[in-house]
1. Are there GluC sites (Glu not before Pro) in region 33-137 that DSSP puts in a loop and that have at most 11 other Cβ atoms within 10 Å, and which ones?
2. What does the C-alpha gyration tensor say about the overall shape of the chain? Classify as rounded when a/c is under 1.5, otherwise prolate if a/b is larger than b/c, or oblate.
3. Charges only on Cβ, +1 for Lys and Arg, -1 for Asp and Glu: so what's the dipole of the chain about the Cα centre, in debye to the nearest 20?
4. Gaussian network model of the chain, Cα springs within a sub-10 Å range: biggest mean-square fluctuation belongs to which of 99, 107, 73?
5. Is the shape of region 16-64 best called rounded, prolate or oblate, per the rule: a/c under 1.5 gives rounded, else a/b larger than b/c gives prolate, else oblate, with a ≥ b ≥ c the square roots of the Cα gyration tensor eigenvalues?
6. Which of the trypsin sites (Lys or Arg not before Pro) found in region 10-85 are loop residues per DSSP with 14 or fewer other Cβ atoms within 10 Å of their Cβ?
7. Is the shape of region 77-137 rounded, prolate or oblate, going by the alpha carbon gyration tensor and its root eigenvalues a ≥ b ≥ c, with a/c under 1.5 for rounded and a/b larger than b/c for prolate?
8. Mind checking the per residue accessible area of region 47-88 for me, 1.4 Å probe, whole number of Å²?
Amino acid sequence: MLYHLCSGHSRNDCVFVNTDSSLPGMQGLEVACVHTFFSFQYRGEVYPCIVVCWFNKIGDAADEDTGMWMVHPGEGANNTAEYVIIHTDTIYHAAHLIPVYGTEFLPPELKFYHSYDAFHAYYVNKYADHHAFEIAF
């Protein structure tokens, strides 16, 4: 988890990652949560990279009621978060996720920095801005 200088807690933003540019919209994109940026040099060339955790799509199309795709946190071995390293060039655009809240009240101790760990599913908010609307179809 990244330490954020202002609040003391991480601010892990989500992004659309281009995984197949031949497919339209969300069919060719994945959603990931950014944990840190870094770069390394190999044989004189610098490689800018990002450590991310994937979100997996729920279903093969957007939700019929909301028109938004749904995702859930990806899991690796032992049901733990799956961290991967990707090149910064694969980032397409920022993504905004809306938790699927359920029917119960949220506990008062739940803070904003728990939001990507506290819920089992999220809507990919295509209404966040006009770019997302054109991307997340």
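1. Working: sites: 45, 64, 75, 82, 104, 109, 134; in loops: 64, 82, 104, 109.
Of the GluC sites (Glu not before Pro), the ones in loops of region 33-137 whose Cβ has at most 11 other Cβ atoms within 10 Å are 64, 104, 109.
2. oblate
3. On the way: 5 positive and 16 negative charges, 87 e Å.
It comes to approximately 420 debye.
4. 107
5. It comes out oblate by the Cα gyration axes.
6. 11, 43
7. Because a/c hits 1.5 or more and a/b fails to exceed b/c, region 77-137 counts as oblate.
8. So region 47-88 comes to 57 Å² accessible per residue, rounded to a whole number.
The values are calculated or read from the model by the stated rules, or taken from the named source; none is laboratory data. Note that the coordinates shown come from a computational prediction; the quantities given were computed from them, not determined experimentally. Quick reminder, even Gly has a Cβ in these numbers, built from the backbone with ideal geometry, and neighbours come from all protein chains shown. Each accessible area value is taken on the protein alone, full model and side chains, heavy atoms only, with ligands, DNA and RNA left out. Shrake-Rupley method; radii C 1.70, N 1.55, O 1.52, S 1.80 Å.
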